[in-house]
Each structure stands twice: as C-alpha cells, then as structure tokens.
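Engineer: Handing you this structure, nothing more for now.
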Amino acid sequence: MNLASTIREVPDFPKEGILFYDITTLLKNPVALKESIDQLTAHYRNLQIDAIAGIESRGFIFGMPLAYQLGVGFLPVRKPGKLPAKTIAESYALEYGTNTLELHVDAVTEGQRILVVDDLLATGGTAQASCKLVERLGGKVVGVTFAIELTFLKGREKLAGYEVFSLMQYDA
C-alpha cells in the first residue's frame, strides 16, 4: 500500500508558507493504519527492544500499538507538568525559543534497549531531546522511528549515530 497517498497536505498551516502533512487521514483509514503499524513492527521485530519511548502526543499514536505488537512496555515522553511522579527534563531549541520534554526518573533502567517513536521528523530537536532523556537514565537508544520524515529539514543530522527509520519521506 502507498501510505503517502493517505496523507492530506494542508497548505499554510499552522502559518503561511508551511505545508502541513496531516496524518489524521491515514489514521481514519483502517487499512493504512494497520499497514503502518505492520511495517513498523516488521522493521523492529528482531531488534531486541525492551521498551518504546513515545513522544507526546502523536508519538503515542504509533508507539502504543507498536509496543503492543512487540510485547514491550511503553514510556510516555511528555511536556512539562504532565507526568505525576519525579521526572528529568531536557530542553531543546525551536525556531523561536525553546521547548522541554520530561520522562519519569524510573522509566528506564540501566542498559535497557529503547526505541524512540514520533509521528514526524522535521528538524530533529524533539527526537534528539528524547534520546538524551533515555540515555541520561542509563538506557540505550536502539533506534528512532517516524511515520513521516521531511528530508529537506535535515533532521537526521541531529540524530547522527542513531538508526533512523521513517515510513514516508517528503523532499519538499
């Protein structure tokens, strides 16, 4: 199945000049949704993953069913103030300003093999911050995966040293 054919392109969202790749059209298509999770599962089935770290919020959409299919746990990486127990935080640069992500301090144990999951790879800052959180807790990031990759934004460069996989790539 051509998953890219199920993605809606929305011009000038969230601001003028941006072409937004909307995954909701993939998500509402049961065949495309199943195919996306099946492809991710097939790619990671033999990688010996201990847990999935899903990035808020759309990383939860792909991360939870992938964790289920692989028979591993799920670790929510969230925005500040959303996790109820003690956390560690990692800030990262945005085009204008910074953002922060948090992970529970007991989410990862030393040596655990963690796959980081999000819906979209753009500039790579969010995924890079998530990898840093996992590693600060003693985990090993075995890969970073996305439904969509905007290759022209060169997010892979921030993720150098990690295995990066995306289901769909867009060059512009």
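Engineer: Pick from Phe60, Phe20, Phe13: which is in contact with a strand residue (DSSP E or B) (Cβ under 8 Å, 6 or more places away or on another chain) and surrounded by 17 or more Cβ atoms within 10 Å (Cβ to Cβ)? Spell out the reasoning first.
Structural biologist: Working: Phe20 fails: surrounded by 17 or more Cβ atoms within 10 Å (Cβ to Cβ); Phe13 fails: surrounded by 17 or more Cβ atoms within 10 Å (Cβ to Cβ).
Result: Phe60 is the single residue among Phe60, Phe20, Phe13 that is in contact with a strand residue (DSSP E or B) (Cβ under 8 Å, 6 or more places away or on another chain) and surrounded by 17 or more Cβ atoms within 10 Å (Cβ to Cβ).
Engineer: Return the total of residues in segment 69-80 being more than 18 Å from Val134 (Cα to Cα) and touching a strand residue (DSSP E or B) at 6+ places or on another chain (Cβ under 8 Å).
Structural biologist: 1
Engineer: Just checking, which of Leu70, Leu101, Leu75, Leu66 is touching a residue at least 24 places away in the same chain (Cβ under 8 Å), surrounded by 15 or more Cβ atoms within 10 Å (Cβ to Cβ) and over 20 Å from Ala127 (Cα atoms)?
Structural biologist: Details: Leu101 fails: over 20 Å from Ala127 (Cα atoms); Leu75 fails: over 20 Å from Ala127 (Cα atoms); Leu66 fails: over 20 Å from Ala127 (Cα atoms).
The unique qualifying residue is Leu70.
Engineer: Right, something else. Anything in segment 25-55 that is in contact with a strand residue (DSSP E or B) (Cβ under 7 Å, 6 or more places away or on another chain) and either part of a loop (DSSP other than H, G, I, E, B) or loosely packed, with under 14 Cβ neighbours inside 10 Å (or both)? List them, or say none. Reasoning before the result, please.
Structural biologist: Of the residues in segment 25-55, the ones in contact with a strand residue (DSSP E or B) (Cβ under 7 Å, 6 or more places away or on another chain) are 25, 36, 39-40, 43-44, 47-55.
If the condition is that a residue be in contact with a strand residue (DSSP E or B) (Cβ under 7 Å, 6 or more places away or on another chain) and either part of a loop (DSSP other than H, G, I, E, B) or loosely packed, with under 14 Cβ neighbours inside 10 Å (or both), then Leu47, Gln48, Ile49, Asp50 are the ones that fit.
Engineer: Evaluate the following for Ile88: is it touching a helix residue (DSSP H, G or I) at 6+ places or on another chain (Cβ under 7 Å) and either more than 17 Å from Ala127 (Cα to Cα) or of a type in the set (S, T, N, Q) (or both)?
Structural biologist: Considered against the rule, which asks whether it is touching a helix residue (DSSP H, G or I) at 6+ places or on another chain (Cβ under 7 Å) and either more than 17 Å from Ala127 (Cα to Cα) or of a type in the set (S, T, N, Q) (or both), Ile88 comes out as no.
Engineer: Looking only at segment 1-11, how many residues end up being free of Cβ contacts under 8 Å to residues at least 12 places away in the same chain and either hydroxyl-bearing (Ser, Thr, Tyr) or under 17 Å from Ala122 (Cβ atoms) (or both)?
Structural biologist: Going residue by residue through segment 1-11, those that are free of Cβ contacts under 8 Å to residues at least 12 places away in the same chain are 2, 5, 11.
Of the ones still in play, those that are also either hydroxyl-bearing (Ser, Thr, Tyr) or under 17 Å from Ala122 (Cβ atoms) (or both) are 5, 11.
Residues meeting the conditions: 2.
Engineer: Do we find that Asp50 is touching a residue at least 40 places away in the same chain (Cβ under 8 Å) and within 21 Å of Val142 (Cβ to Cβ) in this structure?
Structural biologist: Values: touching a residue at least 40 places away in the same chain (Cβ under 8 Å): yes; within 21 Å of Val142 (Cβ to Cβ): yes.
Criteria met by Asp50.
Engineer: Here's a follow-up. Just to be sure, is Arg58 more than 16 Å from Ser166 (Cβ to Cβ), within 18 Å of the chain's Cα centre (by Cα) and either of a type in the set (Lys, Arg) or modelled with pLDDT under 95 (or both)? Break it down stepwise before answering.
Structural biologist: Details: more than 16 Å from Ser166 (Cβ to Cβ): no; within 18 Å of the chain's Cα centre (by Cα): yes; either of a type in the set (Lys, Arg) or modelled with pLDDT under 95 (or both): yes.
For Arg58, the condition - more than 16 Å from Ser166 (Cβ to Cβ), within 18 Å of the chain's Cα centre (by Cα) and either of a type in the set (Lys, Arg) or modelled with pLDDT under 95 (or both) - is not met.
Engineer: What strands (runs of 3 or more DSSP E), lying completely within segment 61-170, carry at least 3 residues that are under 13 Å from the mean Cα position of the chain (by Cα), over 30 Å from Leu3 (Cα atoms) and modelled with pLDDT under 95?
Structural biologist: In segment 61-170, there are no strands (runs of 3 or more DSSP E) which contain 3 or more residues that are under 13 Å from the mean Cα position of the chain (by Cα), over 30 Å from Leu3 (Cα atoms) and modelled with pLDDT under 95.
Engineer: Select from segment 104-135 the residues that are of a type in the set (D, E, K, R) and surrounded by 12 or more Cβ atoms within 10 Å (Cβ to Cβ) and list them in ascending order.
Structural biologist: The answer is Arg113, Asp118, Asp119, Lys132, Glu135.
The values are calculated or read from the model by the stated rules, or taken from the named source; none is laboratory data. Small disclaimer: the values here were computed from a predicted structure and weren't measured. Neighbour counts are summed over all protein chains in view; Cβ atoms, including those assigned to glycine, are modelled from backbone coordinates with ideal geometry.
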